[in-house]
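So the structure is just underneath, and the comments pick up after that.
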Amino acid sequence: MWKGEANMKVIAMPVGELAANCYIVYCENTRKAAVIDPGADGQRILNRIQYEGLNVEHILLTHGHFDHIGAVKFLKEQLGAAVAIHSGDAQALTDASRNLSALMGGHLVQVPPDVLLEEGDIIAVGDVRMEVLHTPGHSEGSACFVVNSPVKAVFTGDTLFQGAIGRSDFPGGSYGQLISSIRDKLLVLDDDYTIYPGHGLKSTIGTERTANPFIRYYVK
């Protein structure tokens, strides 16, 4: 690594009853970090952040469903980080019917977002840059975060998984939009991009392009 080159590290932490993947993404050079989808277990996430000695500036949300936002308020209060979500899912942070917690017999309300994300926005995490892709289908405001350098990576939320794709039968979901998002936004990436999904194990674009049955038979 030459002096000044960004070096991204990713810590994956499955959290909550649905084992949603929370990611702590940081720049090794600056120790600046972002937390992606802190769905639950806020104290455990905070403990890891403090253990690593990180300065978290962003709480990034791939979408607004309850299993991906449950620890947002706690971490914002503890860290002072800015909460960012695509504008299409912004109301889910403060509306239990939109974040689906009401359907589960709960009433999860967090804090309003500080930043409304849109397609093409760039988020700086130290020397690392993340580009926002609007990928509706699982929800209206689903988004993925792409890193092109120093590594090739994409945080796909509940849009694309290892061997599967996201559900589209929740309110605000659309199967047609989901397929279009995967085809037009994700499959245009090179095969060597690592996929960090909202649930399950990581994969690559190349693996999913050839082995994911939903892509092979339904994404044309």
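The values are calculated or read from the model by the stated rules, or taken from the named source; none is laboratory data. Model, not experiment: these values are computed from the prediction. For neighbour counting, all protein chains shown are included, and Cβ atoms are generated from backbone atoms with ideal geometry for every residue, glycine included. Please note that ligands, DNA and RNA were not included when accessible areas were found on the heavy atoms of the full protein model with its side chains. Shrake-Rupley method; radii C 1.70, N 1.55, O 1.52, S 1.80 Å.
Name every residue in segment 78-100 that is over 21 Å from Phe145 (Cα atoms) and either open to solvent by less than 10 Å² (accessible area, probe 1.4 Å) or hydrophobic (A, V, I, L, M, F, W, C) (or both), in order of residue number. Lay out the reasoning, then the answer.
Start the filter on segment 78-100 by keeping residues that are over 21 Å from Phe145 (Cα atoms), which leaves 78-80, 94-98, 100.
Scanning segment 78-100 gives Leu79, Ala96, Leu100.
Does Leu46 satisfy being in a helix (DSSP H, G or I) and either under 24 Å from Ser97 (Cα atoms) or within 16 Å of the chain's Cα centre (by Cα) (or both)? Steps first, answer last, please.
Numbers: in a helix (DSSP H, G or I): yes; either under 24 Å from Ser97 (Cα atoms) or within 16 Å of the chain's Cα centre (by Cα) (or both): no.
No; evaluated as a whole, the condition is false for this residue.
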### Query
Which condition number does Phe74 fail, the rest of (1) of a type in the set (Phe, Trp, Tyr); (2) open to solvent by 60 Å² or more (accessible area, probe 1.4 Å); (3) over 25 Å from Gly105 (Cα atoms) being met?
(3)
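Looking at segment 135-152 only, could you name the residues that are in contact (Cβ under 8 Å) with a residue 24 or more places away in the chain and over 19 Å from Asp89 (Cβ atoms)? Before you say what the answer is, go through the steps one by one.
Taking segment 135-152 as the starting set, the residues that turn out to be in contact (Cβ under 8 Å) with a residue 24 or more places away in the chain are 135-147, 149-152.
Correct list: Val147, Ser149, Pro150, Val151, Lys152.
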#### Entry: Those helices (runs of 4 or more DSSP H) lying entirely in segment 130-220 with at least 3 residues open to solvent by 60 Å² or more (accessible area, probe 1.4 Å)
205-211, 213-218
### Task
Please verify whether segment 54-63 includes one or more residues that are free of Cβ contacts under 8 Å to residues at least 60 places away in the same chain and open to solvent by 50 Å² or more (accessible area, probe 1.4 Å).
yes
### Message
So the check is Cβ under 6 Å with 6+ separation or different chains; which pairs have a first residue in segment 119-134 that's more than 17 Å from Leu160 (Cβ to Cβ) and a second one that's open to solvent by 50 Å² or more (accessible area, probe 1.4 Å) and aliphatic (A, V, I, L, M)?
### Response
Arg129/Ile122
